[in-house]
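All remarks here apply to the structure that follows.
The values are calculated or read from the model by the stated rules, or taken from the named source; none is laboratory data. Just so it is clear, the model here is predicted, and its values are computed rather than measured. Methodologically, a virtual Cβ is constructed for each residue, glycine included, from the backbone with ideal geometry; neighbour enumeration extends over all protein chains shown.
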Amino acid sequence: MTNLSKGKFSGIKVTTPPIELRQKFHKKTFEVFEQIQILINSNSNLIQTKNSLLPRLISGKLSVADLDIQFPPSMVDDKAA
């Protein structure tokens with residue numbers, strides 16, 4: 001396998017879109033990428049919260065017996081209803 005060198009790439013011409021087109025693209029996609037970053041941060045926070053709560057729930061150090069938990073209809077057992 002041959003090595004890639006600067007000389008092999010120096011002759012390659014790369015076209016770039018005009019600045020106006022790049023600005024339009026940025027304007028249309030910026031909010032999407034911003035939302036992605038917000039969701040990544042939220043997901044990371046939820047994972048950290050889950051990882052800190054789960055061991056306490058499993059060990060019984062954190063009780064959920066007194067919480068008013070509303071289950072969706074699909075999770076409710078017909079016998080319990």
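Here are a few things to note about the model shown:
- Conditions (1) part of a helix (DSSP H, G or I); (2) surrounded by 10 or more Cβ atoms within 10 Å (Cβ to Cβ); number of the one not met by Asn51: (2)
- Boolean, Leu57 is surrounded by 10 or more Cβ atoms within 10 Å (Cβ to Cβ), modelled with pLDDT of 85 or more and not in a helix (DSSP H, G or I): no
- Odd one out for Phe71, checked against (1) over 30 Å from the mean Cα position of the chain (by Cα); (2) part of a loop (DSSP other than H, G, I, E, B); (3) not polar (S, T, N, Q): (1)
- Top-ranked residue in region 1-43 [being surrounded by 10 or more Cβ atoms within 10 Å (Cβ to Cβ) and basic (Lys, Arg); ranked as modelled with the lowest pLDDT]: Lys8
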